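Nothing in this text is a laboratory measurement; each read-out follows from the coordinates by a stated rule. If you're wondering where the values come from, they're calculated on a predicted model, not measured in any experiment. When we count neighbours, we look across all protein chains shown, and the Cβ atoms used for this are built from the backbone with ideal geometry, even at glycine.
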2 protein chains.
Amino acid sequence: MSADTAPIAGVELSRVFEHIETNKDQFVSRLLDYLRHPSISAHNIGIGEVAELLVHMLSRLGFEARTIPTSGHPMVVGRWECAPGSPTVLLYGHYDVQPPDPLDAWISPPFEPTIREGRIYARGAGDNKGQHFAQILAVESYLAVHGRLPCNVLFLLEGEEENGSPHIADFVRAHRDQLRTDLVVTADGPLHESGRPVITYGVRGIAAFELRARAANSDVHSGNFGGVVPNPIWMLVHLLATMKNADGEITVDGFYDDVVAPTDLDRAAAARLPLDPEDIKRSLGLKVLDSPADRLLGDRLMFHPTLTINGFNGGYGGPGAKTVLPHEALVKCDVRLVERQDPDDILAKIEAHVKTRAPHVEFVRLESTPPSRTPLDAPFSDVVQSAVHTAHGVEPLIYPSLGGSLPDYVFTKILGVPSFVVPYANFDEANHAPNENIKIDCFLKGVRTGAALLDALGRFECSRESAPAEPAP
Amino acid sequence: MSADTAPIAGVELSRVFEHIETNKDQFVSRLLDYLRHPSISAHNIGIGEVAELLVHMLSRLGFEARTIPTSGHPMVVGRWECAPGSPTVLLYGHYDVQPPDPLDAWISPPFEPTIREGRIYARGAGDNKGQHFAQILAVESYLAVHGRLPCNVLFLLEGEEENGSPHIADFVRAHRDQLRTDLVVTADGPLHESGRPVITYGVRGIAAFELRARAANSDVHSGNFGGVVPNPIWMLVHLLATMKNADGEITVDGFYDDVVAPTDLDRAAAARLPLDPEDIKRSLGLKVLDSPADRLLGDRLMFHPTLTINGFNGGYGGPGAKTVLPHEALVKCDVRLVERQDPDDILAKIEAHVKTRAPHVEFVRLESTPPSRTPLDAPFSDVVQSAVHTAHGVEPLIYPSLGGSLPDYVFTKILGVPSFVVPYANFDEANHAPNENIKIDCFLKGVRTGAALLDALGRFECSRESAPAEPAP
């Protein structure tokens with residue numbers, strides 16, 4: 001498909017698109033109002049107020065909406081289930097934002113939304129208020145035109161995504177019945193740099209750990225004790241060298257056991273992505289990419305796990321020489337996991353490796369999140385692709401997976417349904433940075449995309465077929 | 001010999017010992033005054049002031065004393081040559097100290113000398129102010145009692161030993177005539193753990209270097225770029241793992257080529273040393289010694305070179321996880337060399353290794369000093385042993401070599417004279433570490449030892465016989 005052969009909106013959807021076009025100024029104005037409310041999860045500022053604001057917005061649209069407490073910040077859940085026989089879509093987003101520091105790097109204040117050159121500048125404009133508000137306006141527009149929705153809709157809006165979503169897995173497990181759905185759609189992240197829409201079918205997982213080595217009870221002189229006292233840095237160097245070789249292969253026993261090779265569909269999709277290693281090398285000033293040299297760029301990010309050393313710190317790092325034999329050193333690592341590696345299993349394998357190779361080195365588990373994948377031929381895949389195509393008039397780029405990690409597994413593995421990430425923000429949204437922004441055009445295309453999605457789902461023959469979920473407790 | 005058969009001090013020396021005993025409190029008090037002056041060569045703090053202080057001290061004793069500039073910190077040279085026909089001894093020491101970091105690990109501030117339980121705590125207490133100040137007090141005491149010295153004495157006090165003595169070789173070559181001597185005695189380093197005196201006939205050399213790795217032009221996200229962007233920490237881990245194996249063998253081509261095996265005398269002396277690996281393990285809290293496990297403790301320190309990583313620093317080292325892929329990392333190493341490894345040759349071999357194995361890693365030379373050895377049967381060997389025995393009443397332990405490095409080669413290889421290291425500090429002086437200290441008892445025994453040495457040399461039949469020197473330019 002190309003832009004020339006984009007699906008044409010049917011009559012019902014066309015009328016919704018017209019409503020959006022007619023009301024675009026007041027939509028932008030209402031987004032500005034929403035962005036004026038800070039909701040900084042890390043500092044516990046404004047969270048309760050914004051959660052209640054969302055409950056109010058959804059209730060006005062006829063949703064059964066409420067906040068549900070967690071042991072952290074509350075979830076906002078809204079449900080509209082008056083389309084029996086039609087599928088249910090869960091729209092996930094998060095209403096918390098990153099802290100706005102450094103404040104003096106903002107051209108206009110982060111919670112005084114300002115329009116400049118077709119962009120709305122404010123903390124949360126892109127990540128994620130502008131995106132889930134677009135979903136709410138899509139629902140509102142459909143209801144305004146047709147008085148009903150063509151499918152059932154659940155909103156799940158989290159208040160601590162920027163804190164690493166520490167409670168969402170427990171929440172989804174505990175509220176599995178209330179979250180019954182056929183698919184999940186998340187509007188988060190950016191469009192492609194070119195402006196082309198994107199649909200992402202998965203994320204890599206993460207398993208982070210520390211290696212702590214100690215030898216003597218204090219630093220000693222490298223002359224008086226060199227050759228006598230073991231060196232914790234050498235211990236860690238020799239240990240790490242047994243964990244990954246110079247060709248980039250991770251050499252921990254069983255590490256690759258559960259890696260599922262990409263399907264032909266995955267490979268074909270990756271091959272169609274406009275990924276140019278020369279662009280990355282140019283922008284980051286690199287002479288070469290990481291080993292192995294012959295791996296495709298898309299494969300590196302989507303289909304291969306990694307073992308990254310995030311930090312190695314021990315001994316003297318100042319200017320000149322210091323003849324010290326250090327007594328402790330610390331290594332921090334993260335593993336990016338691909339389907340179906342399990343973080344607990346991988347951490348157990350690494351811990352066993354460490355215990356065997358370097359019994360004096362302490363292994364400490366840090367955060368972990370499983371990977372998530374929705375097959376490219378999963379139910380609703382065509383529906384979502386078609387909706388995005390219709391709304392943008394341009395064929396979306398299909399990413400089998402992202403390189404980074406999000407708790408998407410709560411949908412694919414706990415709820416057992418297909419999950420699609422459909423970003424609405426511009427590539428240069430500056431999320432997590434000063435002068436965060438969303439292009440008004442992207443925001444309005446987001447509202448259209450949300451409406452097109454509802455419309456397409458309304459025309460889907462619902463069979464309630466889905467991937468196997470985690471067994472209920 | 002044992003303590004029972006120790007040589008008895010003659011009348012002249014006995015009177016000097018009495019003077020030392022009578023004046024011990026003011027000697028300690030004057031050492032505290034001296035230690036209050038920081039002289040941190042690495043940070044160029046207080047060097048000129050302390051050099052002038054030493055010139056003043058020596059001049060007051062009737063020495064012709066002055067500072068002589070180098071292209072680094074100045075040398076302090078003092079000469080007393082009114083004993084024609086008697087041998088000349090050059091007393092070497094260094095007036096600079098290590099930086100005191102980390103400051104918050106000191107119980108009392110490093111430059112506010114404090115006495116606790118018979119020890120003086122201060123930076124430089126043991127290394128080396130307390131030791132060369134003891135030599136000065138030995139000379140002062142001899143002069144106070146007898147009005148003259150029994151042999152000729154040259155002081156050579158360096159201001160940048162802790163920086164690796166970068167200019168002493170050039171200085172000694174340029175001032176060869178002014179430094180004509182029959183032997184060199186250096187008071188530096190510690191006594192045996194038991195408190196027994198020690199004479200050392202050599203030192204290991206040192207060759208220090210840095211390895212700097214860079215990849216991208218900034219830190220990147222380990223999810224978005226893991227597997228794509230090379231990791232400078234992994235680059236250094238893999239490079240280091242090719243330089244020394246886990247069995248402790250240094251695997252740089254040609255590294256061991258010039259190592260001279262110890263003589264029978266060396267081996268016999270080493271075998272008589274009370275070196276107990278269990279003591280070291282207990283005092284430093286170690287479960288095992290460094291690899292290889294079966295090497296004799298004395299051999300580890302005296303007859304084998306080392307490759308110590310002094311520091312490995314890159315990326316995140318704070319609490320918790322941080323999903324960063326760092327863009328640079330720094331490793332600092334020192335090699336301890338044994339006779340007759342040459343530091344320039346060894347650094348060239350390591351640099352060639354790095355260029356071959358990791359061409360993107362930058363190799364930077366830091367300080368270097370050749371090893372030094374005086375044969376156990378060299379001239380003045382018996383005289384020095386006898387003097388130490390007299391002062392302590394205990395037979396000294398004879399170390400063919402120290403583990404550490406001093407620029408002793410400038411005496412054995414440039415001046416071509418025997419050189420003896422006679423340490424005065426306690427074993428647990430904590431040199432180069434927080435809470436550096438010297439026991440008052442050790443300090444005062446040092447003053448006695450200096451006096452006994454002068455006395456013994458005064459009774460030596462001087463034949464001006466010495467080892468072959470480097471040819472004069």
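Structure notes:
- Stokes-Einstein D (µm²/s) once Rh is taken as the Kirkwood radius of region B:351-390 over alpha-carbon pairs, at 37 °C in 0.692 mPa s: 228 µm²/s
- For region A:224-277, the fraction of C-alpha pairs farther apart than 17 angstrom is 65 percent.
- Qualifying chymotrypsin sites (Phe, Trp or Tyr not before Pro) in region B:16-78, DSSP loop, other Cβ atoms within 10 Å at most 12: none
- Under 19 Å of direct C-alpha separation, and excluding same-chain neighbours fewer than eight residues apart, B:LYS439 reaches these lysines: B:LYS24, B:LYS129.
- A cut-off of 5 Å between modelled amide H atoms, ignoring neighbours fewer than 5 places along the same chain, links A:HIS175 with no other residue.
- DSSP bridge pairs, the protein assembly as shown: antiparallel proportion in percent, nearest 5: 70 percent
- Cα gyration tensor shape for region B:320-360, rounded if a/c is under 1.5, else prolate or oblate: oblate
- Distances between copies at A:ASP428, taken between label points 7 Å from Cα along the C-beta direction, are 6.4 nm in increasing order.
- Cα centroid separation, region B:404-446 to region A:305-350: 38 Å.
- Between region B:85-131 and region A:67-145, the C-alpha centres lie 65 angstrom from each other.
- Region B:1-159: Rg to Rh, with Rh as the Kirkwood radius over Cα pairs: 1.01
- In region A:98-185, the convex hull through the Cα atoms has an average projected area of 8.1 nm², a quarter of its surface area.
- Teacher prompt: A:TYR256 distances to equivalent labels in other copies, 7 Å Cα→Cβ, nm: 3.5
- Along each principal axis, Cα extent of region B:275-366, largest first, Å: 45, 40, 20
- Take the Kirkwood radius over Cα pairs of chain A, plug it into Stokes-Einstein at 25 °C and 0.890 mPa s, and you get 102 µm²/s for translational diffusion.
- Ascending distances from the A:ARG148 label point to its copies in the other chains, with the point 7 Å along the Cα-to-beta-carbon line: 12.5 nm.
- Evaluated at q = 0.27, 0.33 Å⁻¹: base-10 log I(q)/I(0), Debye formula over Cα of region B:13-54: -0.86, -1.03
- Shape metrics for region A:319-424, restricted to C-alpha atoms - Rg then Dmax, Å: 21.1, 67
- Rounded D (µm²/s) - the protein assembly as shown, Kirkwood Rh over Cα pairs, Stokes-Einstein at 4 °C, 1.567 mPa s: 40 µm²/s
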